[in-house]
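Here is the structure we will look at, set down as structure tokens.
The values are calculated or read from the model by the stated rules, or taken from the named source; none is laboratory data. Since we're looking at a predicted model, the values are computed, not measured. So basically every Cβ, Gly included, is an ideal-geometry build from the backbone, and we count neighbours across all protein chains shown.
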Amino acid sequence: MINKGAMLKKLDGSIHEDGITARCQGLATRTAYKKLDNSLVRADSITKDDGPFYCPVCLSDAIVRKCTEKVNHFAHKSRQSPLISAKDQELHNTCRDEIFNALKAEFPEGNWGKERRIEANWKQKGNKERIPDISGKIGKKGIAIEVQASAYTLNRIYEKTCDYHKMGIYVLWILPLRGDLGIEPFRPRLFEKYLHSLYFGRVYYCTLGSGTILQPVHYSPAKRYIEESEWYEGTGEQRTEGGYYLTYKTVKSPNYGQIIDIVKDFSAIENSGFTPKNAKKEIPKCSLFLDNLKKWWDEDEFNNVKDQIEVSKKKNEIFHGYNYFDDYDDYAE
């Protein structure tokens, strides 16, 4: 006999884990919208063939999960960047070595090292011991390069970035990819969004064989078209919904800047730090190795999202839970 209490506890854990990964708890009630007619459906009463479905809060695609040991429910579905994982140590080391060798050749006086220990200095500055993937000097500036091949917690990125600042070292965080990021919308992980804010609206990706060449990417808004549908209420009143676009909450469009070279397209700068109003972790005062590109995206790209919320509320309140705010969205006020 199935223990119903244990089953529900297991379900709650699955929904909670999905909510953390997707940064949205919009499917926690085990309901989603059908894309065809925007009707609210329960996981118990539909099949996969009734889809596609989407989340009423973040608008991400949703899939129905029919379970034997757990009650039926929905889960968020959207692609993520093909980052090298912690298991891909060889790939990580290859990316690191390509960058290291190129910097060593270009700046032979830079005293470059791989995974070299930087001692703590509690007495004067209070920093912890750090071991960057690559460290050295360009001119008189100390540089630390972190080739980040696994999902760091925000606290870990924050603490390392703060410590490098105390040491007078300018840090460059790079995210290595095992495949093409592509042009389709995707859901950046939370630590990717954090780095996006840290570097003033761009993230640096690299691929095997690219050496010191990086691809900066800005996360621009992505929108879902809400299909227009008509139906009659039980009172006989005709209702209409859809026929407009709404901005996703956690799904973004990759907006590519021109490719850049660590050797010639970067400068050491200071970031005075700030705290986004919708974020859980502040951007600290820090020393960054930042590219010299001008912004290549439209600074007003999110200007009409609040208007979209008002439109959705007036349209029979079918999207009353809709919310475009995501952690570390730079446009959020």
Qualifying strands (runs of 3 or more DSSP E) (wholly inside the stretch 173-243; at least 1 residues being among the acidic types (Asp, Glu) and more than 15 Å from the chain's Cα centre (by Cα)): 229-232, 238-241
Any hit, the stretch 171-193, residues being buried (at least 22 other Cβ atoms within 10 Å of the Cβ), among the acidic types (Asp, Glu) and within 25 Å of PRO82 (Cβ to Cβ): yes
Where ASP163 falls short, out of the listed (1) outside any loop (DSSP other than H, G, I, E, B); (2) at pLDDT 95 or above: (2)
Test: LEU198 is in contact (Cβ under 8 Å) with a residue 24 or more places away in the chain, under 30 Å from LYS35 (Cβ atoms), in contact with a Ser or Thr (Cβ under 8 Å, 6 or more places away or on another chain) and not β-branched (Val, Ile, Thr): no
Subset of the stretch 248-291 [assigned to a loop (DSSP other than H, G, I, E, B), small (Gly, Ala, Ser) and over 30 Å from GLY321 (Cβ atoms)]: GLY257, SER272, GLY273
Pair list, Cβ under 7 Å, 6 or more apart: the stretch 212-232 residue more than 30 Å from ALA105 (Cβ to Cβ) and modelled with pLDDT under 90, other residue buried (at least 17 other Cβ atoms within 10 Å of the Cβ) and aromatic (Phe, Trp, Tyr): none
